[in-house]
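Here the structure comes first, spelled out in structure tokens, and everything after it is commentary.
The values are calculated or read from the model by the stated rules, or taken from the named source; none is laboratory data. Note that the structure is predicted; figures quoted are calculated from it, not measured. Reconstructed Cβ throughout: ideal geometry from the backbone, glycine too, with neighbour counts over all protein chains shown.
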Amino acid sequence: MVAGRRALSRAAFFGYAFPAPVGLADATLSPAAAHWDATLGEFILDWDDVRELPDPHGAALEFARSVVRHGCEACDWDPQLAASAEGVPAPVR
């Protein structure tokens, strides 16, 4: 989940939903350094910001989880998907 595109000249984690619904970019994600990059059309969390946090691993994981939670809300996806990102598996059918 680390971007290596030339459009972004630094290492970063990224997340998006496709197709992006109206309002996807309006979210405030965690950690606070995460932001929407309109040029790339995705949420970005810069690697340098992650490295400076007290718990880099936890910060990267929280970013991924917040992208999934917001994607589920914005795209009206099954709430079980968001729960699975938190470690709560969906029931077996």
- Which one of these is at pLDDT 90 or above, aliphatic (A, V, I, L, M) and more than 17 Å from residue 13 (Cβ to Cβ): 74, 60? 74
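Right, residue 83: touching a helix residue (DSSP H, G or I) at 6+ places or on another chain (Cβ under 8 Å) and either free of Cβ contacts under 8 Å to residues at least 24 places away in the same chain or of a type in the set (Gly, Ala, Ser) (or both) or not?
Judged against the criteria, residue 83 is not a match.
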- List every residue pair whose Cβ atoms sit under 7 Å apart, with the two residues 6 or more apart in sequence or on different chains, where the first one lies in the range 51-74 and is free of Cβ contacts under 8 Å to residues at least 12 places away in the same chain and the second, anywhere, is β-branched (Val, Ile, Thr). 56/50
- Task: Say whether the condition of being at pLDDT 95 or above and either out of contact with any Phe, Trp or Tyr (no Cβ under 9 Å at 6 or more places or on another chain) or hydroxyl-bearing (Ser, Thr, Tyr) (or both) is met by at least one residue in the range 38-49.
- Result: yes
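Please verify whether the range 51-60 includes one or more residues that are in a loop (DSSP other than H, G, I, E, B) and of a type outside the set (D, E, K, R). So that I can check it myself, show each step before the final result.
Taking the range 51-60 and keeping what is in a loop (DSSP other than H, G, I, E, B), we get 53-55.
Those still in the list that are of a type outside the set (D, E, K, R) too: 53-54.
Checked the range 51-60: at least one residue is in a loop (DSSP other than H, G, I, E, B) and of a type outside the set (D, E, K, R).
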